[in-house]
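For reference, the structure discussed in these notes is given below.
The values are calculated or read from the model by the stated rules, or taken from the named source; none is laboratory data. Being a predicted model, the structure only gives us computed values, none of them experimental. Glycine gets a Cβ as well: all are built from the backbone with ideal geometry, and neighbour counts include every protein chain shown. Just so you know, the surface numbers come from the protein's heavy atoms only, side chains and all, with ligands and any DNA or RNA stripped out. Shrake-Rupley method; radii C 1.70, N 1.55, O 1.52, S 1.80 Å.
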Amino acid sequence: MSDTATTTQTLLEVHDVTIKFGGITALDGVSFDIREGEILGLIGPNGAGKTTCFNVMTGVYQPTSGQIRFAGTGLAKMKRHAITRLGIARTFQNIRLFKSMTALENVLVGADAHSRVGFFHALLRTPLQRREEAESRERAMELLKFMGLARRADELAVNLSYGDQRRLEIARAMATNPKLICLDEPAAGFNPAEKVVLMDLIKKVRDRGYTVLLIEHDMKLVMGVTDRIVVLEFGRKIAEGTPAEIRDNPAVIAAYLGVEEDDAS
Amino acid sequence: MNLVPAPVAATFSRIGARFDNRPAKITLAVLGVLFVYALPLLNIPLLTTPDSDFGGVLFSVAAYALIAVGLNIVIGYAGLLDLGYVGFYATGAYTVGVLTQYHWHWPFFLALPVAIVVTMIAGVMLGAPTLRVRGDYLAIVTMGFGEIIRLVITNTEWLGKSGGIAKIPMPPTIGTPPQPGEPGGLFGIPHISWSTFPNVVDVGHETHFLSFTVLDAIPFYWLIVTALLLVLLGDKLLKDSRVGRAWEATREDEDVAEIMGVPTFRYKLLAFALGAGIGGLSGAMFATRQTFIQPASFALLLSMLFVASVIVGGAGNRWGAVAGGAVVAYLPERFRGFTEWRMLVFGIALIVLATWRPEGLFPPRRTRRAKAAEAEIEELEGDAANV
Amino acid sequence: SLSACGTTDSSKNADGGKCGYKIGFLGAQTGPNGNLGLNMTGGIKTALDAYNKDHADCKVSLVIKDSQGSQDQAPPLAKSLIDDSKIIGVVGPGFSGESAATGDAFSQAGLVTVSPSATNVDLTKNGWKTFHRVLANDDAQGPAAAKYLQQQGAKKVFVLDDSEDYGTGLAGAVKKALGSAVVGTDSYEKDKIADVVSGLVTKIKGSGADSVFVGGYYGDSGLLAKKLRQAAWKGIFESGDGSEDPGFVDQAGAAGAEGAILTAAAAPATADFTSKYEAANGGKAPGLYSAEAYDAATALLNGIDSGATTRSALLDYVNSYDKPGVTKQIKFTKTGEVTTQTIYAYTVKDGKIQPGTPIK
Amino acid sequence: MEFLLHHFFELTISGLALGSIYALVALGYTLVYGVLQLINFAHSEVFMYGTFAVAWVFVFIGGKESSSSGLMAALPTLLLALVVAMLVSGGVALALERIAYRSLMKRNAPKLIALISAIGASFALSEAMGLRDKFAGWFGLDDNLANYVSKPRDIYTLPVTVNPHGLFTLGDYRVTDVDVLVIVSALLMMVGLDQFIRRTRFGRGIRAVAQDPESAMLMGVNSTRVVQLTFFVGGLMAGAAATLYMLNIGFTRQDAGFLLGVKAFTAAVMGGIGNLRGALLGGLVLGVAENWGAAVLGTGWHDVVAFVLLILILLFRPSGLLGDALGKARA
Amino acid sequence: MLLEVKGLSVNYGHIEAIRDISFGVAEGTITTLIGANGAGKTTTLKTLSGLRKVREGKVTFDGKDITDLSPERRVKLGISQSPEGRGCFPAMTVRENLDMGAYVRSDRKSAAYAQDLDRVYELFPRLKEREKQAAGSMSGGEQQMLAIGRALMARPKLILLDEPSMGLAPKLIQQIFSIITEINQQGTTVLLVEQNAAQALKRSHEAHILETGEIVRSGSGKELAGDPAVKAAYLGGDV
Ligand SMILES: Nc1ncnc2c1ncn2[C@@H]1O[C@H](COP(=O)(O)OP(=O)(O)OP(=O)(O)O)[C@@H](O)[C@H]1O
Ligand SMILES: Nc1ncnc2c1ncn2[C@@H]1O[C@H](COP(=O)(O)OP(=O)(O)OP(=O)(O)O)[C@@H](O)[C@H]1O
Ligand SMILES: CC(C)C[C@H](N)C(=O)O
Ligand SMILES: [Mg+2]
Ligand SMILES: [Mg+2]
């Protein structure tokens, strides 16, 4: 699968980003690119700065220094919703769904990011509004189906099981029609069998033309699905390369993977 | 619980929803609406307040319902706790007072839209700087705003200070203008009397169609119910659209909504402005019905009652808001039999209501929308099977 | 023309029984100013008790409509009084706001009202046919109060009001009469003086005033008097009828109230009235506007006694009423003002409001 | 403006005195808010019952006959009144928790409905006090009882007028013993509470329940007890505030709480709701600013000053002067 | 048996989350519950710690019936839990969170307490480093360490661990499992819920498999780990 990675151009460019919280430097001069159409893995020990990286990319935090360019546009000072409309979507490490909305509505909120109609159209029920509404619904249902959640479309998000909630997060992020979709530990709390299913799903997401940035601690999943991997430790990038390269990188093994116990199936 | 008019309409439309065929639905809705309009004439035993003019009570019931529907957009949909809503109510009332009487002499129906617009502007002016403040901080900021409005009126010569504005004109009567002792209007509609059995049409007691006088609140009631129905329609159209979803998402988790592409600030401001506009509308109605307004009419406590209306009814559900407004306006009138105990009883009633229905009288319902979605699933899955 | 509207359907139905007449009261019973309304209903009950004792065969009953003193709640209540054909006269409305909000309706229905307390000047300028009040309006008292203050040697007066109709009206009249003797003015919100009293004291002392006039109620003026004395301010303290209640002395304390002048367009209530009132009200003492309410009710009851048992008849009766009441001679002008405008000055001495003397 | 400068100390000291009372009442709002994230709308009534308790103690000891005395002479009665008022307010707060909140909390009801039940409780409590003559009537309204009731719904005054004595001069103002007592005892109370919350297990319990009630239970925190205690402590402070208020103002009525409550709550928010020190700071800032503002603009603008200041503060510091909730800030 | 569960059923409204399950945890052992998402594992643990009401059934701990005891009473008896989703107190510092773990202990000034604290810091040096950081600003994995450390601070007889390895880096996962074994050897009984079934089963004396609210298989850890059906369903073949 590495063939896709070589041809395409840079979608997102993280350039020398540093972010400090008081005395803690969560990211320290980190630079890497995400190329269009690839699945990039972002790994590293706990507290290495992976989630912070997402937060900087989606406008939750402003970097102390450095910049991020997405499809040629600098993201500095941009409003969070504008970044989403530009084409970056994400999921959350600790699930954050709209709890008392149904699964379908959660996805619809994402889909709305690109509809053009607003207040007056809604009040007057213009044809344009009806059409867009119908389209959004169709798209949302289609995404739910894609995630295997169609049957649960009317369930309130809060009543879904943990796994389904994670899947719904992905559907909602996809609904914003992003170019880049960032997944923060989507497999947390899944059992190995479920992880296999998720792995296929992520590939399918990419096959639909999305670029994927994936944070994950499960090495089988990461190794199995990504085209390239960036490794962070203490807020610094310590390695970058194909899964095979990373697997054997001694620094990564020391910092992150550890020596695998023989019986870890 | 006594039936109150607006929830009756709600019940009707809900029954209507059970029927799948449109004609039945429409018939029921029309009947419901007719019933709401006819309510003050029917003098239904138990429902009609024995100790206070029912037409007048119904006017306040409808006014509270209207206010609650407006405030529900702010609290129920967008999740912004506004404890100063009375400020908008006052703004609407005073705009009408100033335009139709105190400084100018515009006709009421010209002043009305201006009042709504002015109040919306007030809403935006309050909202733009303060909506960045979150949660309960917003509540207290808005409360302060409500008090500021009242105090500024109290201290401003141009607005009549504490003396208020008197002799605000009523809406023009359609038909013969009323004279002392002559109600005017187009024709008289007799009330129903239940004091005898079988109940009879009481020709001695008539409401004159669209004659606006101090002695008969019923035409005012019709006016405000009409406004209420229009607002409810608009509310429904908005709620069932992208706008409604954006509000809901913002209420659930503002940060995430923002990250999902919802410009939350703009939507909060919209909710605020719309809520304010509706508050202004009801204030304007109040001013023309009352013909006399004073800053004392816009006390802080009223804001609390407005919030109570929304929540007792079920925040997030427009029919809940209508019901809540009706209950909060109606109960104290209904409790007049308790004489000086009535506010104590009302207080206890609020506690009981809260404990009995913590989600409100009509909690927001998602089931119906869920039903609609179900149909779509069937279709989609059907398609899938064919592929 | 008055009787034309007075005799619509109401008198028709009223003929059902000879007795069972009712009088209404519209005003506060609960809410923040409920106490003032209770003072009034206490006075009405005192009058009614006496009447019903003498007319055991044909008692008059009282219908109380509690407006909480709010002009917003009053209109439907007024309407319900109007709709009850047995009600032929109304004591009230209590406050100016609710009077303004309901005057038109009472007037159009031809139901006579006699207010024991609404003092706003404009109320009698609306062309209402049924409005009466048994006390002087805010304009009448002001000049007298000002004059009296100056007679006591006041040169520099600080004038305060409570931002309510009555308070601003009265204080305004005082200011006008005092002219350049006013050295400072300010206003507080009724019932909210606790928050601002210390600032007011500083202000009054700072202004160098040798006297203070307060247009407001005893709940506020009493505290101000107390705080002024505690701050060792030595000037003259004067307030209007709104403060002419034993509560003023209670609140100011004997020392704080000492020497305070309270003006009112009412003769001192007799000991006889006080004891009658206490008998009719479970031992509670009369308060502000109790005596006025008694006079208002008595006027209506006298009318019923004399056979004026329709609305129009009672209205005519009240219009031509001329009898002594406990507070003053009760007789009305065409617009419904009471003709006796004599203002009395009461002084607090030894912790008691001493019987007042007319201001000349 | 000139006026303000000439009477700077006088206005400031009296502002501080009132502000201390705001602050003490604000503590009750802040504590409950900190734990339950809800505005205990009825806390004002908790305070109001305290004021009546104070007056009743004085009537009980000296009768209704009005008299005046110096602070020292009144001190023993005042101390007794303090204890009684604190207990009464604490008791009312506990009852409130039981009746208006407990069942809602148990059922995990939406936060806002608790606000409604609090508004209901506030009406009921205030009206019940307004109807004190009726209740007294049930027990036979003899002369003695009438003293405790006074006229229904009317103001109820403290029979003893405590006359302040000047102690020392500060600029333009002679500071009185009452000023000192009010400010110092409020400060002491506040510091004591602050230490109590910081140093005791109960304090940690409060913070834990505030942040994550479920986890708190898993740590062995009895959340019902914590909530009760929070209400009670808030009530105690309100009772103390009531005593100082009666000492300073000398009368009360059934709606005295509402008026003060709004201010106290404003103070709590101004300081950063949920933050005890914030409540103190907010109360003092509010009391002083109002006084200054009223001096410059006219007393009619007194409350406008208060609310405009609040809005300005929140615009620049969206979570109050000292920052956020009991949980987050280090209360 | 230190803990005995008999015929336990728990509902969320009408949803039956667990149905009539029975099992025991012997003193000094590690017992593991495994199962797919939504099987009811978390619900079981929450019921044992008292956060969920029992609809039917009985729970005994140390010979005492604790079915209706409040959570805080159970903590006092010696049951402590590291919950799913960590449940750290976000505005408290790391140290304060650990102190909260020892809320029911009365020996906060003692040497034993200091020792326990040291031990947690030794297990998770990151926590020591960040002693004064607000827990809410810690990374996901750091919070997970904190949750486990906090549960240990209570010195429980029985510790309930809900997916302790969730969100931890691979290296740390291995550590966590050694820690579990270690604390067990020091005398704490462990009831473990894990998705990382292979590791968990290997170390546990007893294991139960939950499916849609019911126990479908029980056995020793080794036994289940070797069972092909279990392997297929929960251990994941090679990818
Ligand atoms: N707002 C903040 N304030 C202080 N420190 C922070 C803040 N946000 C993150 N940190 C610190 O920055 C570091 C990086 O955190 P981050 O959440 O990015 O880690 P991560 O790589 O996602 O780890 P994990 O795999 O555990 O989720 C952590 O040590 C964390 O404690
Ligand atoms: N608060 C709740 N309200 C309604 N249903 C719930 C709630 N919590 C859990 N459930 C339901 O109860 C069932 C069991 O959930 P539980 O969380 O115990 O599963 P689990 O085995 O821990 O799953 P996971 O591996 O995803 O953590 C699921 O069907 C879930 O949807
Ligand atoms: C009872 C009083 C408060 C009435 C007052 N004098 C008024 O005119 O409003
Ligand atoms: Mg992370
Ligand atoms: Mg679980």
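Yes/no matrix, rows are residues, columns are (1) open to solvent by 30 Å² or more (accessible area, probe 1.4 Å); (2) in contact (Cβ under 8 Å) with a residue 40 or more places away in the chain:
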position	(1), (2)
E:I183	no, no
E:Q186	yes, no
E:V190	no, yes
E:A197	no, yes
E:E206	yes, yes
E:G221	no, yes
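Only one entry in A:D164, A:D227 is away from chain E (no Cβ under 13 Å) and either among the hydroxyl-bearing types (S, T, Y) or on the phi < 0 side of the Ramachandran plot (or both), namely A:D227. Taking the range E:88-169 as the region of interest, the helices (runs of 4 or more DSSP H) fully inside it that hold 1 or more residues being within 16 Å of ligand 2 (Cβ to nearest atom) and among the hydrophobic types (A, V, I, L, M, F, W, C) are E:140-153.
Considering A:A187, A:A173, the condition of being within 16 Å of ligand 5 (Cβ to nearest atom), more than 8 Å from chain E (Cβ to nearest Cβ) and open to solvent by less than 10 Å² (accessible area, probe 1.4 Å) is satisfied by A:A187 alone. Considering the range C:97-109, and only residues there that are at the interface with another protein chain (Cβ under 9 Å from one of its Cβ atoms) and either over 20 Å from C:L314 (Cα atoms) or in a loop (DSSP other than H, G, I, E, B) (or both), the residue that is farthest from ligand 1 (Cβ to nearest atom) turns out to be C:A100.
The residue of the range C:146-163 that is surrounded by the most Cβ atoms within 10 Å (Cβ to Cβ), among those that are within 15 Å of ligand 3 (Cβ to nearest atom) and part of a loop (DSSP other than H, G, I, E, B), is C:D162.
Do the conditions hold for E:S165, that is, is it within 16 Å of ligand 5 (Cβ to nearest atom) and closer than 30 Å to A:C53 by Cα? It is true that E:S165 is within 16 Å of ligand 5 (Cβ to nearest atom) and closer than 30 Å to A:C53 by Cα.
Taken over the range E:109-137, residues that are touching a helix residue (DSSP H, G or I) at 6+ places or on another chain (Cβ under 7 Å), closer than 17 Å to A:G47 by Cβ and open to solvent by less than 50 Å² (accessible area, probe 1.4 Å) amount to 10. The sole residue among A:V231, A:V212, A:V222 that is more than 14 Å from the chain's Cα centre (by Cα) and in contact (Cβ under 8 Å) with a residue 12 or more places away in the chain is A:V231.
Looking only at residues in the range C:121-145 that are free of Cβ contacts under 8 Å to residues at least 60 places away in the same chain, open to solvent by 30 Å² or more (accessible area, probe 1.4 Å) and within 13 Å of chain B (Cβ to nearest Cβ), the one that is nearest to ligand 1 (Cβ to nearest atom) is C:D122.
Being touching a residue at least 24 places away in the same chain (Cβ under 8 Å) and part of a loop (DSSP other than H, G, I, E, B) is the filter here; which residues of the range E:75-87 pass it?
Those that are touching a residue at least 24 places away in the same chain (Cβ under 8 Å) and part of a loop (DSSP other than H, G, I, E, B): E:G78, E:P83, E:E84, E:R86, E:G87.
For the range D:10-41, the tally of residues that are farther than 16 Å from D:Y245 by Cβ and within 10 Å of chain C (Cβ to nearest Cβ) stands at 3.
Do we find that E:G87 is in contact with a Pro (Cβ under 9 Å, 6 or more places away or on another chain) and either within 16 Å of ligand 1 (Cβ to nearest atom) or at the interface with another protein chain (Cβ under 7 Å from one of its Cβ atoms) (or both) in this structure? Considered against the rule, which asks whether it is in contact with a Pro (Cβ under 9 Å, 6 or more places away or on another chain) and either within 16 Å of ligand 1 (Cβ to nearest atom) or at the interface with another protein chain (Cβ under 7 Å from one of its Cβ atoms) (or both), E:G87 comes out as no.
Matching residues to (1) open to solvent by 40 Å² or more (accessible area, probe 1.4 Å); (2) part of a helix (DSSP H, G or I); (3) over 30 Å from C:D49 (Cα atoms):
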{"position": "C:I204", "(1), (2), (3)": "no, yes, yes"}
{"position": "C:V212", "(1), (2), (3)": "no, no, yes"}
{"position": "C:D220", "(1), (2), (3)": "no, yes, yes"}
{"position": "C:L224", "(1), (2), (3)": "no, yes, yes"}
{"position": "C:W233", "(1), (2), (3)": "no, no, yes"}
{"position": "C:E238", "(1), (2), (3)": "no, no, yes"}
{"position": "C:G242", "(1), (2), (3)": "no, yes, no"}
{"position": "C:F273", "(1), (2), (3)": "no, yes, no"}
{"position": "C:A279", "(1), (2), (3)": "yes, yes, no"}
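Would you check which residues across the range A:186-218 are away from ligand 1 (no atom under 16 Å from the Cβ) and on the phi > 0 side of the Ramachandran plot and list them? A:G209 - this is the single residue of the range A:186-218 that is away from ligand 1 (no atom under 16 Å from the Cβ) and on the phi > 0 side of the Ramachandran plot.
Here B:T288 does not qualify as more than 15 Å from the chain's Cα centre (by Cα), open to solvent by less than 10 Å² (accessible area, probe 1.4 Å) and not assigned by TED's automatic domain parsing to the domain that holds B:A115. Provide a single number: the residues in the range C:164-178 that are open to solvent by 40 Å² or more (accessible area, probe 1.4 Å) and not β-branched (V, I, T). The qualifying residues number 4. The test for being of a type in the set (S, T, N, Q), surrounded by fewer than 18 Cβ atoms within 10 Å (Cβ to Cβ), closer than 23 Å to E:T188 by Cα and outside the structural domain of E:V193 (by TED's automatic domain parsing) holds for E:S106.
One residue alone among D:F47, D:F58 is in contact (Cβ under 8 Å) with a residue 60 or more places away in the chain and under 26 Å from D:R277 (Cβ atoms), and that residue is D:F47.
Out of E:E56, E:E72, E:E16, one residue alone is over 27 Å from E:S220 (Cβ atoms), within 14 Å of ligand 2 (Cβ to nearest atom) and in contact (Cβ under 8 Å) with a residue 24 or more places away in the chain. It is E:E16. Picking from residues in the range C:253-269 that are touching a Lys or Arg at 6+ places or on another chain (Cβ under 9 Å) and not in a helix (DSSP H, G or I), the one that is most open to solvent (accessible area, probe 1.4 Å) is C:E258.
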